[in-house]
Amino acid sequence: MAYSTLLYEKSDGVGTITLNRPDKSNAFNDTLIAEMIDALKTVERDGEVRAVVITGAGKNFSAGQDLGPLVARYKTPGGINFGTHLRESYNLIIARIRALEKPVIAAVNGAAAGAGLGLVCACDLRHASENAKFRMAFIGIALAPDSGTSFLLPRLIGLGRATEMALTNELIDAEKALQFGLVNRVFKGDELLPHTHEFAAKLAQSPTRGIGLTKRAFNRALTADLEGALENEAYLQEIAGHTADHFEGVTAFIEKRAPQFKGA
């Protein structure tokens, strides 16, 4: 793909999106935001892609919003409409990742802050390098949380820990992130991408429709009451039960063999 601020490659059923502004710690400018949205559309539409990895080039995952280009906008007559900016940028990215009915793994190779942390939280699974660090960052520039962090971070690590990260701007290292449940696995720096790609390739051989419906169930359950969650499970199971992969899974179980899922 002809992108200028990110890299995209596909192999073994895995689409890998690499934020590629290493000289700016992979901070988001308007171009990277637009290309990220486009890349997410690409992996959504490509039937050959059945798992997605998001990582960063260089030493960092993403420092969040690139503040440099914003300084000039502060001085314009209209200033900056922060609400419009979020609705046309990070809100679209976070919502698209959560709605993508394929597993998405963040391979956090270094610092993830602000919107970069929001991107990490939006992914289904989070693998981290032992060099990874996490910071909310918003209060450091007198802003409120955005990029889904107010919704997702407390659900991942608990309200108390999320509040402490938000109010103190505390930097969380990989070990503490693992203890908190913010990340699922931690690897040595040079092992992060190989292990994450291997993990994603295995997920790419899993029943993709079932994974997509699982994401739908979890998304709904985050805000539903028990009765609503139970009814949603019944609705989604009706869909899953009529997939070819479900029939293959049951047949393979009865025949005592490994299933060959096709993602349909």
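Data overview
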{"item": "Those helices (runs of 4 or more DSSP H) lying entirely in the stretch 1-91 with at least 3 residues among the aliphatic types (A, V, I, L, M) and at negative phi", "result": "30-45, 68-74"}
{"item": "Some residue of the stretch 124-135 being surrounded by 24 or more Cβ atoms within 10 Å (Cβ to Cβ), within 16 Å of R161 (Cα to Cα) and touching a helix residue (DSSP H, G or I) at 6+ places or on another chain (Cβ under 6 Å)", "result": "yes"}
{"item": "Subset of the stretch 164-214 [out of contact with any Pro (no Cβ under 7 Å at 6 or more places or on another chain), touching a residue at least 60 places away in the same chain (Cβ under 8 Å), among the β-branched types (V, I, T) and assigned to a helix (DSSP H, G or I)]", "result": "T196, T208"}
{"item": "Candidates L100, L92 - the one that is surrounded by 13 or more Cβ atoms within 10 Å (Cβ to Cβ), within 18 Å of the chain's Cα centre (by Cα), closer than 30 Å to A142 by Cβ and of a type in the set (A, V, I, L, M)", "result": "L92"}
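Every number here is computed from the coordinates shown, using simple stated rules; none is lab data. Treat the numbers as computed from the prediction; the structure is a model and nothing was measured. Neighbour counts are summed over all protein chains in view; Cβ atoms, including those assigned to glycine, are modelled from backbone coordinates with ideal geometry.
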